[in-house]
Amino acid sequence: MCYAIPGKVVGLKKNIATVDYFGEQRTVLNEFQEIEIGDYVYAQGGVLINRIAKKEAKEILDFWKDKFFELKKIDRKLSDVENIDASPCLLEILQKINLKKRLTEDELQSLIMLKDKEELKLLYETANNIRQKEHDNACCVHGIIEFSNYCKNNCFYCGIRKDKDIKRYRMKVDDIINTAKKAVSEHGFKALVLQSGEDDYYDETKLMKIVTEIRKLNVLIFLSIGQRSEEVYKRLFETGARAVLLRFETSNEDMFSKLRPGTSLKERIQLIKDLKEMGYILATGFIIGLPGETNKDTINNILLTRSLGADMYSFGPLIPTAGTPLADHPKQLKDSILKIISITRFVDRQSKILVTTALETLNKDAKREGLSAGANSLMINITPKNCAELYSIYDNKAGMTENINRTIKDTVELLYSIGRAPTDLGI
Ligand code: SAH
């Protein structure tokens, strides 16, 4: 199974390589490999992660040769915008979007308030069209390993909050490494997210061992371990981690301090800025539908994600979860999330936008719908089943009952059906 297409190095200037994919060229950063012009390589998120033998590359490219263009054709066809009637106000905003003009906050608010089915369809199609123009049909497919559900925090929304009485688990360092090895050798993942509650049991030494060993597998390592000191993150970068997933959760300071007792929005945002500064690929974002949230907050959340320089937007609906203080909070509607995906695509045309598990949890068809409303990234849960079941950040988490092979097969089939290539052709 292959999640990234190998490319051929056609140019090399210091540590910037130009990589060719069937005639399309991308530049990527090379920090890890000894390479020469003519070598075949894999890149993820704009980082060259691995060099592979010519014979192996040619075999894979043989498979991809026709598929590559066939998928693009399907995607192009599905990304057309149908001509339909809409209010003059919406048409004017869409025209501005097509001219690549920045929308005002009022205009963004009016998009959030859209309700008419036909207008929503037009909104999603326009966002999908921009996604296709900016990114073509590439779709990141990362694997996520949830390695501990211990957490020292008590976030009101979260099902693994400290005070919740649940069965806790911690994967052994070797088991985490072995799960990663299997993800790479058996399933072909090129990027792995390591996620946990904020669990200090995994100190710098343990985290460094995990990163060192997984880095040897030539994959892009995403850390999603919550707030650690700048020093720890620096060390982990030096050890080979290259990406972080750390949401600021909400840009509203009052809401943040109510919902995350004992933690501070300022500190979390400062850390996110520091991580970006250190050179990490940044995935960040927010939860949609927290108590007290207004449309203005949601717009602020999108704009803050952009101003932090997010390479990938990660946001999803609040899933009210039994045994948490927000258990009885109303559920979000699928369209309210799809709207935010589309609006985000207008606000940041270049970004990667993730369809999160929380959205999939709301609706079975959400993966396809999210990808057709402007999103272009997915994650597949590869946590061993006995642990995944206990990583209950919210109720009825999607992707839990199927086995991993089945989920991968279904995801790839879904991507092919809408003309997407599960690959990462760089930034
Ligand atoms: N400890 C890490 C990872 C947290 S879990 C960290 O602090 O970054 C990953 C994300 O799940 C959180 O950032 C939060 O946005 C989301 N999440 C937690 N509970 C949720 C719920 N009930 N509904 C929706 N999203 C939730």
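The values are calculated or read from the model by the stated rules, or taken from the named source; none is laboratory data. Keep in mind it's a predicted model, so treat the numbers as computed, not measured. Glycine also receives a Cβ, built like all others from the backbone with ideal geometry; neighbour counts cover every protein chain displayed.
In a residue-by-residue description of the range 350-359, the property of being assigned to a loop (DSSP other than H, G, I, E, B) and touching a residue at least 60 places away in the same chain (Cβ under 8 Å) applies to at least one position.
The number of residues in the range 133-150 being crowded, with 21+ Cβ neighbours inside 10 Å and either at pLDDT 95 or above or more than 30 Å from residue 107 (Cβ to Cβ) (or both) comes to 9. Looking across the range 181-206, just one residue is more than 29 Å from residue 152 (Cα to Cα), assigned to a helix (DSSP H, G or I) and among the hydrophobic types (A, V, I, L, M, F, W, C), and that is 184. Scanning the range 134-159 for residues that are more than 10 Å from the ligand (Cβ to nearest atom), touching a Ser or Thr at 6+ places or on another chain (Cβ under 7 Å) and farther than 30 Å from residue 419 by Cα returns a single hit, 147.
Please verify whether residue 7 is out of contact with any His (no Cβ under 7 Å at 6 or more places or on another chain) and at pLDDT 95 or above, treating the condition exactly as stated. Spelling it out, it is not the case that residue 7 is out of contact with any His (no Cβ under 7 Å at 6 or more places or on another chain) and at pLDDT 95 or above.
Taking only the range 315-324 into account, find how many residues are aliphatic (A, V, I, L, M) and either near the ligand (Cβ under 9 Å from one of its atoms) or surrounded by 23 or more Cβ atoms within 10 Å (Cβ to Cβ) (or both). Explain how you work it out, then say what you get.
Of the range 315-324, the ones aliphatic (A, V, I, L, M) are 318-319, 322.
Then keep just the ones that are either near the ligand (Cβ under 9 Å from one of its atoms) or surrounded by 23 or more Cβ atoms within 10 Å (Cβ to Cβ) (or both); that gives 318-319.
Total meeting the criteria: 2.
Give the residues of the range 118-141 that are in a loop (DSSP other than H, G, I, E, B) and out of contact with any Gly (no Cβ under 8 Å at 6 or more places or on another chain), sorted by residue number. Selection gives 136, 139. Return yes when residue 339 is under 29 Å from residue 119 (Cα atoms), part of a loop (DSSP other than H, G, I, E, B) and not small (Gly, Ala, Ser) and no when it is not. Here the answer is no, as residue 339 does not meet what is asked. Residue check: is residue 344 within 16 Å of the ligand (Cβ to nearest atom), at negative phi and assigned to a helix (DSSP H, G or I)? Against the criterion (within 16 Å of the ligand (Cβ to nearest atom), at negative phi and assigned to a helix (DSSP H, G or I)), residue 344 qualifies.
Does at least one position in the range 160-169 carry a residue that is in a loop (DSSP other than H, G, I, E, B), within 12 Å of the ligand (Cβ to nearest atom) and either surrounded by fewer than 21 Cβ atoms within 10 Å (Cβ to Cβ) or at positive phi (or both)? Looking for residues that are in a loop (DSSP other than H, G, I, E, B), within 12 Å of the ligand (Cβ to nearest atom) and either surrounded by fewer than 21 Cβ atoms within 10 Å (Cβ to Cβ) or at positive phi (or both), one finds at least one in the range 160-169, hence yes. For the range 142-159, residues that are in contact with a strand residue (DSSP E or B) (Cβ under 9 Å, 6 or more places away or on another chain) and part of a loop (DSSP other than H, G, I, E, B) total 5. Which condition number in (1) more than 15 Å from the ligand (Cβ to nearest atom); (2) touching a strand residue (DSSP E or B) at 6+ places or on another chain (Cβ under 6 Å); (3) among the hydrophobic types (A, V, I, L, M, F, W, C) is the one that residue 312 fails? With (1) more than 15 Å from the ligand (Cβ to nearest atom); (2) touching a strand residue (DSSP E or B) at 6+ places or on another chain (Cβ under 6 Å); (3) among the hydrophobic types (A, V, I, L, M, F, W, C) applied to residue 312, the lone miss is (1). Of all residues in the range 352-406, those that are under 17 Å from the mean Cα position of the chain (by Cα) and surrounded by fewer than 18 Cβ atoms within 10 Å (Cβ to Cβ) total 1. Here are the criteria: (1) touching a strand residue (DSSP E or B) at 6+ places or on another chain (Cβ under 6 Å); (2) closer than 30 Å to residue 98 by Cβ; (3) at pLDDT below 95. Tell me which single one residue 334 does not satisfy. It is condition (1) that residue 334 fails.
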